[in-house]
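The values are calculated or read from the model by the stated rules, or taken from the named source; none is laboratory data. Every value quoted in this text rests on a predicted model; they were computed, and no experiment measured them. Positions of Cβ are generated from backbone atoms using ideal geometry, with glycine treated the same way; all protein chains shown enter the neighbour counts.
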Amino acid sequence: MSAYTKWVACWGNATSIKDQTEGMYAKDLTLRYPIELCFSGSHLRFHFSNLTGTEPVSFTANVSNTTSDGRTILPSTLQKITVNGSDVIRLEAGQAELESDAILFPGKRGDKIAVSMYLEGFTQLNAAVLVKGPLSNGFYTYGNYADQAVLPTELTWKTNWFYFLNTVDSFTEEKNRALVCFGDSITAQDWPDYLTLRCKAEEHENVSIIRRAVCGTRILRQYDCVRYAAYGIKGETRFPIEMNVAGADAVLIQHGINDIIHPVGVEVNEFRPMSDLPTTEEMIRGYREFYIRKARDLGLSVWGGTLLPIYGWRTYAEFREVLKNDFNRWLRTTDELDGCVDFDKAICDPSDNRKFADGCDAGDHLHPSALGYRRMAECVPEILLQPAQTK
């Protein structure tokens, strides 16, 4: 009898709206995304999305083992990714998810693979997500090099935009499980990668860290304008889509700071009226209705992550500080959550908790530095990193 019994997501990101620029199409372009497997398994399958696309897109894709640099694959291991037996992956406009056929691709924990995609014809690049961190990088190359061992240096450059591909599943052991990290730019940056590295270092071998994060998003509002479209769809819409994660049994949510810091008044910015500023009660109600209740319906345990310091950010004001602190107080004390991860306490200045601790501020007084992100990863409790059967 096989040791492998179920599908579990082993890598994943959200899908949102690409920055709106003058150039929104690609032609004759190769994308290559290196991924390290966190589980041993027998098969792989892939999820693609054109959630925010307004036109159908078509491309071909393959998977292969790769060397440590991620640019160089082993062609002898290459397999085409198919959907219903077809080599062409077609996503309709607005299609939230498309699941590939399962591929026999035996792999061990720590193996490195690459998903290579070739966009032959004019392809709208509207469905993507921007993520950063030590494990999050990709490459684009002009021309069709998807099945080539090495991407040519003179035609290749790095990208942190992940187009269409949003999840990789492994058919793996029963004890393996996924922890979903849901949020905004704080989570779209480094701490989920550092949490993955922590799991590796501490031999938490049975959990994957699946990032569902979009820069700029809010719980209660979204921007329907070109200027801020990349700030993504609101939490109410995002959450049910992004919780489609095989093998997930818990979600850690760190979301809400943009609801607090974005509104500035139409006299300053016509797209950011002060009427968008929520009350603490409205934020809690949205968090409860859009996140906690929906997560419970999906059988997920729900953990909240406190919001981080904002003192010195360009829209900082005392009323925003009060709102943030009131919301954090609810996260720390409510019995509606299974637990609270106190990110704020982990990286704030102990002598002035409005501010980041020394070395933890990236410089804009909103996003942490690498040290700050590492501290966030370190404060996640071990109960969230345990094998499925012992939780």
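For GLY312, the test of being of a type outside the set (Phe, Trp, Tyr) and either without any contact (Cβ under 8 Å) to a residue 12 or more places away in the chain or outside any loop (DSSP other than H, G, I, E, B) (or both) is failed. Among the residues of this structure, ARG296 does not count as one that is of a type outside the set (A, V, I, L, M), in contact (Cβ under 8 Å) with a residue 60 or more places away in the chain and part of a helix (DSSP H, G or I). Condition check: at negative phi, surrounded by fewer than 17 Cβ atoms within 10 Å (Cβ to Cβ) and hydroxyl-bearing (Ser, Thr, Tyr). Does TYR4 satisfy that? Taking the combined requirement at face value, the residue does not satisfy it.
One residue stands out in the range 329-345 among those that are part of a helix (DSSP H, G or I) and not charged (D, E, K, R): the one that is surrounded by the fewest Cβ atoms within 10 Å (Cβ to Cβ), namely THR333.
Take the residues of the range 182-217 that are over 26 Å from SER116 (Cβ atoms) and touching a Ser or Thr at 6+ places or on another chain (Cβ under 7 Å): which is surrounded by the most Cβ atoms within 10 Å (Cβ to Cβ)? Within the range 182-217, the match that is surrounded by the most Cβ atoms within 10 Å (Cβ to Cβ) is ASP184. Within the range 242-261, can you find the residues that are within 21 Å of the chain's Cα centre (by Cα) and either more than 30 Å from HIS47 (Cβ to Cβ) or charged (D, E, K, R) (or both)? Residues satisfying the conditions are GLU242, ASP249, ASP259.
If you go through the range 99-134 and keep only what is farther than 25 Å from LYS200 by Cα, charged (D, E, K, R) and not in a strand (DSSP E or B), you end up with ASP101, GLU120. Condition test on ILE383, is it assigned to a helix (DSSP H, G or I), crowded, with 17+ Cβ neighbours inside 10 Å and in contact (Cβ under 8 Å) with a residue 40 or more places away in the chain? Judged against the criteria, ILE383 is not a match.
Checked against the criteria, ALA377 counts as out of contact with any Pro (no Cβ under 6 Å at 6 or more places or on another chain), in contact (Cβ under 8 Å) with a residue 60 or more places away in the chain and closer than 28 Å to ALA178 by Cα. Of all residues in the range 277-289, none are closer than 28 Å to ALA246 by Cα, outside any helix (DSSP H, G or I) and of a type in the set (Phe, Trp, Tyr).
Scan the range 35-86 residue by residue and report those that are of a type in the set (Lys, Arg) and in contact (Cβ under 8 Å) with a residue 24 or more places away in the chain. Listed by number, the residues that qualify are ARG45, ARG71. Scanning the range 23-72 for residues that are buried (at least 16 other Cβ atoms within 10 Å of the Cβ), β-branched (Val, Ile, Thr) and assigned to a loop (DSSP other than H, G, I, E, B) yields a count of 1. Looking at THR167, THR159, just one residue is within 17 Å of the chain's Cα centre (by Cα), β-branched (Val, Ile, Thr) and surrounded by fewer than 23 Cβ atoms within 10 Å (Cβ to Cβ), and that residue is THR159. Among the conditions (1) under 21 Å from MET376 (Cβ atoms); (2) touching a residue at least 40 places away in the same chain (Cβ under 8 Å); (3) outside the structural domain of TYR311 (by TED's automatic domain parsing), the only one that ASN160 does not satisfy is (2).
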